[in-house]
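The structure appears below as structure tokens.
Read-outs throughout are calculated quantities, based only on the coordinates presented, and are distinct from any laboratory measurement. Source: prediction; values computed, not measured. Cβ sites come from the backbone with ideal geometry, for glycine too, and all protein chains shown count toward neighbours.
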Amino acid sequence: MEDLSLYILDIAQNSISASATVIEIFVIEDEEKDKLVLTIRDNGKGMDPKTVERVTDPFYTTRTTRKVGLGLSLLDAAAKACGGSVVVDSQLGVGTEVRAEFGYRSIDRPPLGKMDDTIATLVACNPMVDFVYTHNTSRGTFKFDTRDVRQKIEDLPIEHPDIINWIGCYIREGLNVICGGGNT
Amino acid sequence: MKSLNELEEIRKRALESVNLRKDREGTRVVVGMGTCGIAAGARPVLLAFLEEIKKRNIQDVTVTQTGCIGVCRLEPMVEVYRPGEEKVTYIKMTPDKVKRIIAEHIVNGRSVTEYTIGAEEK
Ligand SMILES: Nc1ncnc2c1ncn2[C@@H]1O[C@H](COP(=O)(O)OP(=O)(O)OP(=O)(O)O)[C@@H](O)[C@H]1O
Ligand code: FES
Ligand SMILES: [Mg+2]
């Protein structure tokens with residue numbers, strides 16, 4: 001994967017496959033501690049402890065179209081390559097939290113990429129799911145919640161192309177403020 | 001600065017042009033979003049579909065995703081379902097291919113054979 005926003009899109013697909021109705025995404029850029037932390041938390045069907053243990057093993061998957069599950073093991077490899085790690089916390093029937101830590105200044109850390117595209121894609125394809133995206137940097141916090149959007153658009157479907165377009169612009173603008181236009 | 005209040009205005013405008021769509025069965029575009037689909041560029045392909053649909057103000061087309069369509073080396077893959085017609089599967093998709101598929105297949109009903117999975121297998 002080219003950048004972190006694509007990893008986030010992929011990990012969120014697992015939450016969608018697990019029938020989550022609310023998916024929370026956190027990005028924390030902590031330059032002082034030289035850390036970038038991604039958290040994807042869902043209220044999907046969860047996993048039992050044995051499954052959690054094996055989940056970053058590429059040879060573990062419940063998918064039927066091929067024998068390896070790539071998503072979590074790729075994320076794990078990317079995090080380890082820059083001095084970080086992945087922790088998966090899950091409870092059957094409650095939900096799952098995937099937390100990936102990267103060395104912020106590590107030269108091997110993929111750039112953040114286009115979070116506006118990732119969130120717009122997720123909302124467009126999963127109009128029944130609520131997404132909450134919180135992004136933290138030393139300059140401030142940006143928060144986006146599809147429930148706020150729904151309140152304003154009432155009966156208009158959230159997947160309407162004009163709304164998806166607005167969501168992308170809104171996120172891009174919000175991130176520009178807290179990322180100072182720089183490319184993390 | 002963008003504000004959530006703009007949404008009320010967008011809603012009003014959008015509702016004026018949203019019509020009939022619930023009466024007829026529309027075209028469905030399904031993008032494969034498995035891990036290798038995403039790594040191969042499914043996201044820009046999906047966004048290109050939305051962009052073209054918005055630009056041309058095409059009604060009754062929905063764009064959705066599926067976990068995985070099944071052939072990693074042919075990703076990004078897209079399936080197009082038109083009511084009453086057989087499914088068409090496009091492979092190795094790019095945003096440029098999207099433009100042609102919208103113009104020729106979605107709007108005019110002629111699939112772009114050279115981008116289909118059938119063309120690859122020959
Ligand atoms: N959020 C989640 N909720 C419930 N189960 C999960 C979740 N995330 C992962 N899993 C389980 O862990 C397995 C491995 O996930 P991983 O993303 O590595 O591979 P995959 O989704 O099976 O395939 P791929 O990501 O390559 O398309 C999944 O098949 C699923 O059983
Ligand atoms: S994700 Fe590889 S074929 Fe679908
Ligand atoms: Mg996966």
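Against chain B, whose longest principal axis is taken from its Cα atoms, helix B:6-17 shows a tilt of about 70°.
Using the Cβ of A:N176 as centre and a radius below 13 Å, the other residues enclosed give a net charge of +2, where K and R count +1 and D and E count -1.
Sequentially through segment A:120-136, phi angles give Karplus couplings (6.51, -1.76, 1.60; θ = phi - 60°) of 4, 4, 4, 5, 4, 8, 9, x, 8, 9, 9, 10, 10, 10, 10, 10, 10 Hz, Gly and Pro residues having no value and appearing as x. A straight chain from B:R73 to B:E9 at 0.36 nm per residue would run longer than the Cα-Cα distance by 18.7 nm.
A crude spin-label estimate for the pair A:D34 and B:E85, with each label 7 Å from Cα along the Cβ direction, gives 5.7 nm.
Can you put B:E86, B:E9, A:E97 in order of Cβ neighbours within 10 angstrom, beginning with the fewest? Show your work: numbers first, answer last.
Numbers: B:E86 7, B:E9 10, A:E97 17.
Neighbour counts put them in this order, fewest first: B:E86, B:E9, A:E97.
Coupling constants for segment B:27-43 follow from the phi torsions by the Karplus curve (6.51 cos²θ - 1.76 cosθ + 1.60, θ = phi - 60°), and in residue order they are 7, 10, 10, 10, 9, x, 10, x, 4, 6, x, 5, 5, 8, x, 5, 4 Hz; glycine and proline get x. Each of A:F144, A:G168, A:F102 was scored by the projection of its Cα onto the charge dipole of chain A, and the greatest displacement toward the positive side belongs to A:F102; charges sit on the C-beta of Lys, Arg, Asp and Glu. The residue among A:I153, A:G113, A:G93 whose Cα reaches farthest toward the positive pole of the charge dipole of chain A, with charges on the beta-carbon of Lys, Arg, Asp and Glu, is A:G93. For peptide B:38-50, the mean count of partner chain Cβ atoms within 10 Å of a residue's Cβ comes to 5.
Basic side chains Lys and Arg get +1 at the Cβ, acidic Asp and Glu get -1 at the Cβ, and with that the dipole of the protein assembly as shown about its Cα centre reaches some 520 debye.
Shown for A:Y7, B:Y90: other C-beta atoms within 10 Å of each C-beta, ranked fewest to most, produce the order B:Y90, A:Y7.
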